[in-house]
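Chemist: Just dropping this structure here.
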Amino acid sequence: MSERTANRTFDIVTTVLVAVAVLLCLAPFIHILSISFSSNRAITSGEVTLFPVEFNLKAYGKVFSDMSMIRSLGFTVMLTLITTVLSMLMTIIAAYPLTKKHLRGRKTIMFIIVVTMFFSGGIIPEYILVRDLHLLNNMWSLILPGLISPFYLIILISFFNGIPESLEEAAEIDGSSQFCTLLRIVLPLSLPVLATLSLFYGVGRWNGFQDTLMYIQNPDLFPLQLKLYQMIQNNMVSELTRLEGASGARITPEGLKAASVIFATVPILLVYPWLQRYFVSGVMVGAVKG
């Protein structure tokens, strides 16, 4: 077998394996999407697989008519934006000084950061801290405890280390301050990793619900993921479907759950295409440089 034939065979096998892996990852999402667009009869009889059966929008109509879901969506969007902006700001402020070799205690600080990736105080001490800071039932209890990720901080430090020092030295010769150098030179060159980490922070906050279970009791501060958790626990489904029985147009809990999952998933999926061109380069360069 010639080298050209071997390479072509390898490419074909790789493409097939990747396609199969992608389909396996997409199948659960497509199944949920199909259930959300299917009729009650098709859902209860188990006829729905990868395509909707007896297409209808009743489940989505019920979800969009529930003001608590709309209010939760608005709060989740606001929470995600605030968390992403503040997390990126603090990560940049922490990462840039740690790239300076003349910084005293730099190795000690890096060691402490790495240790926090493997060891933590635990859930109970964290809850006590949040309580003593009077942050219970407060939006900031969902933002401040996880404001900086040590892993993302290390990625950003690695990326900053890969920027040629000659650029910063030239800026200093021209009279630029450290802040101006960071703002006008370092950050514009770091768009791939900044966009990637922003996506990571945003998705992490959007999908988070465990901290809300511990810190929040006010329904007005429930994010979408907690709504879905409650729906899985059958707390909300009974309320959403109770009034439908009298009209004979009862919506199955499975249909409502599927529609709610899509309702909570699509907004964050819409963000990815805008950041896709930065995604691979940001992760790879930030992971191997330095």
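The values are calculated or read from the model by the stated rules, or taken from the named source; none is laboratory data. No experiment lies behind these values; they were computed from the predicted model shown. Here the Cβ positions follow ideal geometry from the backbone for every residue, glycine too, while neighbour counts run over all protein chains shown. In case anyone asks, the SASA skips ligands and DNA or RNA and just uses the protein heavy atoms, side chains included. Shrake-Rupley method; radii C 1.70, N 1.55, O 1.52, S 1.80 Å.
Chemist: Determine the distance separating the Cα centre of the range 72-131 from the Cα centre of the range 18-49; give it in Å without decimals.
Modeler: Here the two parts' Cα centres lie 38 Å apart.
Chemist: Taking a probe of 1.4 Å, how large is the accessible area per residue of the chain, in Å²?
Modeler: Numbers: 17270 Å² over 290 residues.
Solvent-accessible surface per residue comes out at 60 Å².
Chemist: Which whole-number percent of Cα pairs in the range 44-96 have a distance greater than 17 Å?
Modeler: Details: 878 of 1378 pairs.
When all Cα pairs of the range 44-96 are counted, 64 percent exceed 17 Å.
Chemist: Further, regarding this structure: Whole number please: convex hull volume per residue, Cα atoms of the range 77-214, in Å³.
Modeler: Looking at the range 77-214, the number lands at 129 Å³ per residue.
Chemist: Quote the relative contact order of the chain in percent (integer), defining contacts as alpha-carbon pairs under 8 Å separated by 6+ residues. Don't skip to the answer; put the middle values down first.
Modeler: Working: 277 pairs, mean separation 85.3, N = 290.
Across the chain, relative contact order equals 29 percent.
Chemist: Just subtract the alpha-carbon distance of ILE70 and THR44 from 0.36 nm times their residue separation and send over the number in nm, one decimal.
Modeler: Working: separation 26, 0.36 × 26 = 9.36 nm, distance 2.72 nm.
Separation in residues times 0.36 nm, less the Cα-Cα distance, equals 6.6 nm.
Chemist: To continue, here is another question. Counting only Cα, what are the radius of gyration and maximum Cα-Cα distance Dmax of the range 1-146, in Å?
Modeler: That works out to 25.3, 71 Å for Rg and Dmax.
Chemist: Within the chain, which is the longest segment that contains none of the chymotrypsin sites (Phe, Trp or Tyr not before Pro) sitting in a DSSP loop with at most 14 other Cβ atoms within 10 Å?
Modeler: 120-290
Chemist: Of all accessible surface on the chain at a 1.4 Å probe, what whole percent is carbon and sulfur? Could the numbers behind the result be given before it?
Modeler: Details: 11750 of 17270 Å².
After summing per-atom areas, the C and S share lands at 68 percent.
Chemist: Right, next: What net charge is computed for the residues neighbouring GLY255, neighbours being all others with C-beta under 9 Å from the C-beta of GLY255, Lys and Arg scored +1, Asp and Glu -1? Present the calculation step by step, with values, prior to reporting the outcome.
Modeler: On the way: positive: LYS58, LYS62, LYS257; negative: GLU254.
Neighbour charge sum, excluding GLY255 itself: +2.
Chemist: Taking a cut-off of 15 Å, what percent of all Cα-Cα pairs in the range 92-166 are separated by more than that? Don't jump to the answer; show the numbers that get you there.
Modeler: Working: 1780 of 2775 pairs.
Of all Cα-Cα pairs in the range 92-166, 64 percent lie more than 15 Å apart.
Chemist: With no solvent and one point per C-alpha, what does the Debye sum give as log10 I(q)/I(0) for the chain at q = 0.13 Å⁻¹?
Modeler: -1.05
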